[in-house]
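Undergrad: Below is the structure I would like to discuss, written out as structure tokens.
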Amino acid sequence: MLHPEKNALQPHRKRQWCIAQLTAKFLCEMERVLDVYGRFYDERFPVLCFDEQPCFLIGDVMAPVPMEPGRVAKQDDEYERFGSGAVLLAVEPQTGRRFVKVCARRTAEEYTAFM
């Protein structure tokens, strides 16, 4: 008789990603984007990649218990929210230039000004 290990199944762990439907339209649009990156460099028309990383500013309500030999650290799941910020990044892949801005608030005005 087989006895499963105590921790063989870990339902709390999972990997998540978007599984795209590889339709003809999707592939056509993907190739259009890739063609942009294959263009010759022209400083009058730079190619920029843009991304935003939201940052949620949170704090502990109860002090965490630090780890000790043989014991993991413990942290309560309750937290205090102190707002949100954002890191904005633009990269010019053909030259390697990067433009970064850290915003104290996450607003459309900050996003638009950076663009």
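The values are calculated or read from the model by the stated rules, or taken from the named source; none is laboratory data. Quantities reported herein were computed from a predicted structural model and do not represent experimental measurements. Cβ: placed from backbone, ideal geometry, glycine included. Neighbour counts: every protein chain shown. SASA here: full protein model, heavy atoms, side chains in, ligands and nucleic acids out. Shrake-Rupley method; radii C 1.70, N 1.55, O 1.52, S 1.80 Å.
Undergrad: Test of understanding: among 22, 34, which residue is among the aliphatic types (A, V, I, L, M) and modelled with pLDDT under 90? Give the steps one after another, and end with the answer.
TA: Working: 34 fails: modelled with pLDDT under 90.
Criteria check complete, one pass: 22.
Undergrad: What are the residues in the stretch 90-110 that are of a type outside the set (D, E, K, R), within 16 Å of the chain's Cα centre (by Cα) and open to solvent by 60 Å² or more (accessible area, probe 1.4 Å), if any?
TA: 100, 102, listed by residue number.
Undergrad: Being open to solvent by less than 80 Å² (accessible area, probe 1.4 Å) and within 27 Å of the chain's Cα centre (by Cα) is the filter here; which residues of the stretch 35-56 pass it?
TA: Selection gives 36, 38, 46, 47, 49, 50, 52, 54, 55.
Residue-wise test of (1) part of a helix (DSSP H, G or I); (2) touching a strand residue (DSSP E or B) at 6+ places or on another chain (Cβ under 8 Å).
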site	(1), (2)
10	no, no
14	no, no
26	yes, no
29	yes, no
32	yes, no
39	no, no
56	no, yes
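So that you can scan it fast, the table gives a plain yes or no per residue for (1) surrounded by 10 or more Cβ atoms within 10 Å (Cβ to Cβ); (2) among the hydrophobic types (A, V, I, L, M, F, W, C); (3) over 28 Å from the mean Cα position of the chain (by Cα):
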{"position": "20", "(1), (2), (3)": "no, yes, no"}
{"position": "26", "(1), (2), (3)": "yes, yes, no"}
{"position": "68", "(1), (2), (3)": "no, no, yes"}
{"position": "72", "(1), (2), (3)": "no, yes, no"}
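Undergrad: Run residue 103 past the list (1) within 30 Å of residue 39 (Cβ to Cβ); (2) in contact with a helix residue (DSSP H, G or I) (Cβ under 6 Å, 6 or more places away or on another chain) and report the number of the one that doesn't hold.
TA: (1)
Undergrad: Checking the structure you have, find out if any residue of the stretch 87-107 is in a helix (DSSP H, G or I), within 27 Å of residue 50 (Cβ to Cβ) and among the charged types (D, E, K, R). Talk me through it step by step, then tell me what you get.
TA: Of the residues in the stretch 87-107, the ones in a helix (DSSP H, G or I) are none.
The answer is no; no qualifying residue exists.
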